[in-house]
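As structure tokens, the structure follows; a few thoughts come after it.
The values are calculated or read from the model by the stated rules, or taken from the named source; none is laboratory data. Note that the coordinates shown come from a computational prediction; the quantities given were computed from them, not determined experimentally. Counting neighbours? That spans all protein chains shown, and the Cβs are built from the backbone with ideal geometry, glycine included.
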Amino acid sequence: MPNDLSPIDKAKFVAAKKATEYVKTGMKVGLGTGSTAAWLVQCLGELVRDEGLRIQGVPTSTRTAQLAREVGIEVISLDEAKWLDLTIDGADEYDGNLNLIKGGGGALLQEKIVATASDQMIVIADISKQVETLGAFPLPVEVIPFGWKTTQTLIEETLIGLDVLGQTTSLRMNGDAPFVTDEGNHILDLHLNRILSLIHI
């Protein structure tokens, strides 16, 4: 473990390191996106370099793909892999029942597809992500650019009938322009404040 880490980064590192115990030579592994997933990729890279671990990684974003290549992990596409043994990714919030909010890093569509195409999914998160009730972190929804304002209106109308405390939404921005995902889509952040029952949008 690096010596100059903050307490939060130490927790992320420990969670990521523990997850590497489930990765075995010959596996096809989905590699998540975000700060904790980045620690995972670095830990796996050390195992590839120092212990001869042989895996193929399917990244969930271009930035994860770049990091994986930098640390020596063989990167392939999901189409090349066809199916994965395992996906490891982080979370933005989790509650006591292990319900999650994911996608804060802007790679949620690819993350969901890769996780669905896996025999097993491991979520790594430090204690700072634990909440009593989900919703303090905005719930992201990836939408196509075409008609996104109409989609936003429909989502806001749907929220009226759901068990949430907030019902406002916002288009995620990158400076003065809308944030664009790797798939060329936009993200609507749902500011629900508190999700009192699970919702699927």
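Every residue in the range 132-147 that is part of a strand (DSSP E or B) and within 14 Å of Phe179 (Cα to Cα), please.
Pro140, Val141, Glu142, Val143
Quick check on the range 17-38. Is at least one of its residues of a type in the set (S, T, N, Q), farther than 27 Å from His191 by Cβ and in contact with an Asp or Glu (Cβ under 6 Å, 6 or more places away or on another chain)?
No: zero hits.
Is it the case that the range 105-118 has a residue that's without any contact (Cβ under 8 Å) to a residue 12 or more places away in the chain, of a type in the set (Ser, Thr, Tyr) and within 26 Å of Thr62 (Cα to Cα)?
The answer is yes, given that some residue of the range 105-118 is without any contact (Cβ under 8 Å) to a residue 12 or more places away in the chain, of a type in the set (Ser, Thr, Tyr) and within 26 Å of Thr62 (Cα to Cα).
How many residues are outside any loop (DSSP other than H, G, I, E, B) and either out of contact with any strand residue (DSSP E or B) (no Cβ under 6 Å at 6 or more places or on another chain) or outside the structural domain of Asp79 (by TED's automatic domain parsing) (or both) when one looks only at the range 90-110?
Summing the residues that are outside any loop (DSSP other than H, G, I, E, B) and either out of contact with any strand residue (DSSP E or B) (no Cβ under 6 Å at 6 or more places or on another chain) or outside the structural domain of Asp79 (by TED's automatic domain parsing) (or both) in the range 90-110 gives 1.
Any residue that is loosely packed, with under 14 Cβ neighbours inside 10 Å, among the aromatic types (Phe, Trp, Tyr) and modelled with pLDDT of 95 or more - is there at least one of those in the range 29-50?
no
Only one of Val143, Val114, Val180 is assigned by TED's automatic domain parsing to the domain that holds Gln66, under 23 Å from Leu78 (Cα atoms) and surrounded by 12 or more Cβ atoms within 10 Å (Cβ to Cβ); which?
Just a single option satisfies the conditions, and that option is Val114.
Of the residues that make up the range 176-190, is at least one farther than 30 Å from Val41 by Cβ, part of a loop (DSSP other than H, G, I, E, B), modelled with pLDDT of 95 or more and of a type in the set (D, E, K, R)?
The answer is yes, given that some residue of the range 176-190 is farther than 30 Å from Val41 by Cβ, part of a loop (DSSP other than H, G, I, E, B), modelled with pLDDT of 95 or more and of a type in the set (D, E, K, R).
Residues in the range 119-131 that are in contact (Cβ under 8 Å) with a residue 60 or more places away in the chain and in a helix (DSSP H, G or I): how many?
Result for the range 119-131: 2.
So Leu162 passes all but one of these: (1) touching a residue at least 12 places away in the same chain (Cβ under 8 Å); (2) of a type outside the set (S, T, N, Q); (3) farther than 20 Å from Lys102 by Cβ; (4) not in a helix (DSSP H, G or I). Which condition number does it fail?
(3)
Identify, from the list Val41, Val23, Val48, Val14, the residue that is in contact with a helix residue (DSSP H, G or I) (Cβ under 6 Å, 6 or more places away or on another chain), assigned by TED's automatic domain parsing to the domain that holds Ala68 and among the aliphatic types (A, V, I, L, M).
Val41
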